[in-house]
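Below: the structure, in structure tokens.
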Amino acid sequence: MKKQIPNLFTLLNLMFGCIAIVFALQNGIDIVYSKEGEQFIKLKENICLASVFIAIAAVVDFLDGFVARIMDIPTEMGKQLDSLADVVSFGVAPGIILYQFLRMGFIKDSDGIEASAMFLVPAFIYTCAGAYRLARYNLDTSQAFGFKGVPIPAAGLVVASLPLIYWYGSSDFIYNLILNKWFLYAVIILLSWLMVSKLPIMAMKFKDYSLKNNMPKIILVVIALLAAILLKWLAVPVTFIAYIILSLALKNKTTT
């Protein structure tokens, strides 16, 4: 029974990912009016619950590996199960969020309601790239304390932040940018490439407790906290960018 404890955390990750998919699929659109009577079309606010459950899945995903290391019971089954859960929670669920935002990006155009569904399918390029990245990771035994390519949970959290920025942001520029289909296509391509690339990316794992060996991680945590205070939900993509920059700038210290 002891060996199954980490797997229970992994299955919780999968369950939360499935719940996120439910909320991402059920959102539809709202028609709202300004004080001047101007009509606007918005995604329903409950898409934010998909973001919340993806975030919870990320916490549980971290805990399953942490528990397995603490209890010294990592298993090959646990590794495979973790990837299956991750492809749902951080691949399929974010892919549906991207699909919904692309749909809104087309609907807000005057003739967008007639847009072919083929223009929305690229959202799932992200999902496919994530699945490929996980399969490659499972076959590579050299990624214990550093990754080749961006891990799918990090990319998934960036996508999960979009509904929160959309609903709770205060900048019209950012709001309109998120609904710009060309911006969304760029996000899909960039995140997909980062996942399947072989860029040296640090893992948030601690080999020891020395300040020197963990400095990049400490810097990232400080950036994340400051960004959260100053930028609110925009802190997620800002922290992600800092994560990439730190990994590349300090690659000798982050991947060994």
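Can you say whether Tyr132 is buried (at least 21 other Cβ atoms within 10 Å of the Cβ), of a type outside the set (Val, Ile, Thr) and assigned by TED's automatic domain parsing to the domain that holds Phe106, as far as the supplied structure shows?
It is false that Tyr132 is buried (at least 21 other Cβ atoms within 10 Å of the Cβ), of a type outside the set (Val, Ile, Thr) and assigned by TED's automatic domain parsing to the domain that holds Phe106.
When the residues of the stretch 49-96 are filtered to those that are of a type outside the set (A, V, I, L, M) and not in a helix (DSSP H, G or I), which remaining residue is modelled with the highest pLDDT?
For the stretch 49-96, the residue satisfying everything is Thr75.
Read through the list (1) surrounded by 13 or more Cβ atoms within 10 Å (Cβ to Cβ); (2) more than 14 Å from the chain's Cα centre (by Cα); (3) modelled with pLDDT under 95, then give the number of the only condition that Tyr185 fails.
It fails just one condition, (3).
Could you count how many residues in the stretch 157-182 are among the small types (Gly, Ala, Ser) and surrounded by 20 or more Cβ atoms within 10 Å (Cβ to Cβ)?
Total satisfying the criteria: 2.
Could you check, for the stretch 161-172, whether at least one of its residues is over 19 Å from the mean Cα position of the chain (by Cα) and assigned to a loop (DSSP other than H, G, I, E, B)?
yes
Being out of contact with any Phe, Trp or Tyr (no Cβ under 6 Å at 6 or more places or on another chain), outside the structural domain of Leu98 (by TED's automatic domain parsing) and touching a residue at least 40 places away in the same chain (Cβ under 8 Å) narrows it down to one of Pro216, Pro151, Pro163, Pro237, so name that one.
Pro237
Within the stretch 98-114, restricting attention to residues that are modelled with pLDDT of 65 or more and in a loop (DSSP other than H, G, I, E, B), which residue is surrounded by the fewest Cβ atoms within 10 Å (Cβ to Cβ)?
Let us first name the residues in the stretch 98-114 that are modelled with pLDDT of 65 or more, namely 98-109.
Next cut, in a loop (DSSP other than H, G, I, E, B) only: 108-109.
Values: Lys108: 16, Asp109: 12.
Top of the filtered list is Asp109.
The values are calculated or read from the model by the stated rules, or taken from the named source; none is laboratory data. Everything numeric in this text was worked out from a predicted model, so none of it was measured. Heads up, the Cβs are rebuilt from the backbone with ideal geometry, glycines too, and the neighbour counts pull from every protein chain shown.
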